[in-house]
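Below is one structure, written out as structure tokens; comments come after it.
Each value in this text was obtained by applying a stated rule to the coordinates, not by laboratory testing. Note that the structure is predicted; figures quoted are calculated from it, not measured. So basically every Cβ, Gly included, is an ideal-geometry build from the backbone, and we count neighbours across all protein chains shown.
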Amino acid sequence: MGRTNIGIVLNGVTGRMGLRQHLLRSVLAIRQDGGLPLSDGSVLWPEPVLVGRSEAKLRDIAERHGLTDWTTDLPAALARPDVQVYFDAQVTSARVKALQMAIDAGKHIYTEKPVAETLEQAIDLARLADAAGVKHGVVQDKLYLPGLRKLARLVRSGFFGQVLSVRGEFGYWVFEGDWQAAQRPSWNYRAADGGGIVLDMFPHWHYVLEQLFGPVRTVTARAATHIEKRWDEEGAAYDATADDAAYGIFELDGGIIAQINSSWAVRVNREELVEFQVDGTQGSAVAGLHHCRIQPRAATPKPVWDPDVPTTQRFREQWQEVPDNDTFPNGFRAQWEQFLRYVAEDEPYAGDLWAGARGVQVAELGLRSSREGRRLEIPELDR
């Protein structure tokens, strides 16, 4: 069978995630492996069109990776008949306008999250895409992590029995930027630019909880700005106006309680930068980016509380490693392949703009919960 080209506008490739995960480790990696095999024996060949605001940065990226198709003119790129897909990895504040332009141009949509800064904008985008008849998807990379895939396998197998609770810890210390450069862009800490850890991470936690354990029905959250002064990429001091930590409680169907802490102002004392502990009647698991460890009911130790006697138990040694039993590709690439098959072959795809809107909804309600100091129910979205 032959090869079918699919033009993809990649907007935001001058940023860290857009460049490393989406261009290099996904789209170009697919090309390096000969394209994406389809069910009829043909191959889908991605043709990237790089888009951004800086000619110099785009030219440098293109030259370093053997590409020639780049532009700072997004409308011109979207007008091209050889382009079928628009991908957005810009800063959140620039995303809605670009997605609207792409939908109006009849392009299929794939985008980083959050899809918008407000729920109203996110719903409008989803409705607009549905009305235009274009296919749409939102990045849900955490579901493709090896540790989370092992955790999903445990859920499907019935390992936990009745799931009782989920506890998540995410974060690391992001340097302020004065004596060491920050590991994240400065816009993350400015509310006016769409920054904040709630808007960034609550959409992640929503799709992880929703797809692994069930619908999320309520949220209670406390957001905080622990570090109030930071320094930007040019070394200039600025006031941090966005939240850099959030402490959330989510109630799911079946009485499951999830507690997830997110922070860019925490020092790591765990195996990985994110870990989820799931406790059930028949067993427990701790999953991170790559590893997953379990403790079944029959092998659960029997600790006894005695503050006067030092414990001799080594609790972390009492867990069993879940084997890989599979090959786990880069999670961003795996979802790119799934989305491209959805476009080319209409394969099932769950993470659409409506899923993205539900993530924005949880973030918006989380911020409101923090302001008002109360638990909020999460209503169904009106399509």
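With a cut-off of 18 Å, note down the residues of the stretch 272-300 whose backbone N falls inside the zone around a label point 7 Å from the Cα of Leu164 toward its beta carbon. The answer is 276-287, 294-300.
Given that just one value was derived from the coordinates, which of [x] 19.1, 57; [y] 21.9, 75; [z] 24.7, 84 is Rg and Dmax of the Cα atoms in Å? Checking each listed value against the structure points to [y]. Between Thr241 and Thr118, the simple label model (points 7 Å from Cα in the Cβ direction) yields a spacing of 1.6 nm.
Find the relative contact order for the stretch 59-156 and round it to a whole percent, using C-alpha pairs within less than 8 Å whose residues are 6+ positions apart. Dividing the mean separation by the residue count of the stretch 59-156 yields 21 percent.
Here r is the Cβ-Cβ distance between Ala131 and His291 and R0 is 56 Å; the resulting FRET efficiency, rounded to 0.05, is 0.80.
Exposed loop sites here mean chymotrypsin sites (Phe, Trp or Tyr not before Pro) with a DSSP loop assignment and at most 10 other beta-carbon atoms within 10 Å; the chain contains its longest site-free run at 1-178. Separation of the stretch 304-383 from the stretch 66-90 is 31 Å, based on Cα centroids.
Taking a ≥ b ≥ c as the square roots of the Cα gyration tensor eigenvalues, with a/c under 1.5 meaning rounded and otherwise prolate when a/b beats b/c, else oblate, which class fits the stretch 269-383? Taking the square roots of the gyration eigenvalues as a ≥ b ≥ c, the stretch 269-383 is oblate.
What translational D, rounded to a whole number of µm²/s, comes out for the stretch 17-101 from Stokes-Einstein when the hydrodynamic radius is the Kirkwood one over Cα pairs, at 10 °C and 1.306 mPa s? Estimated via Stokes-Einstein, D reaches 113 µm²/s. Taking the chain as a Gaussian network of alpha-carbon nodes connected by springs under 10 Å, the highest mean-square fluctuation of the residues Gly41, Gly168, Gly283 belongs to Gly41.
Considering only Thr111, Thr327, Thr225, the mean-square fluctuation computed in a Gaussian network model of the chain, springs between alpha carbons under 10 angstrom, is largest for Thr327. Helical runs (DSSP H, four residues minimum) scored at -39500 (n - 2.57) apiece and divided by the length of the chain put the mean residue ellipticity at 222 nm at -8500 deg cm²/dmol.
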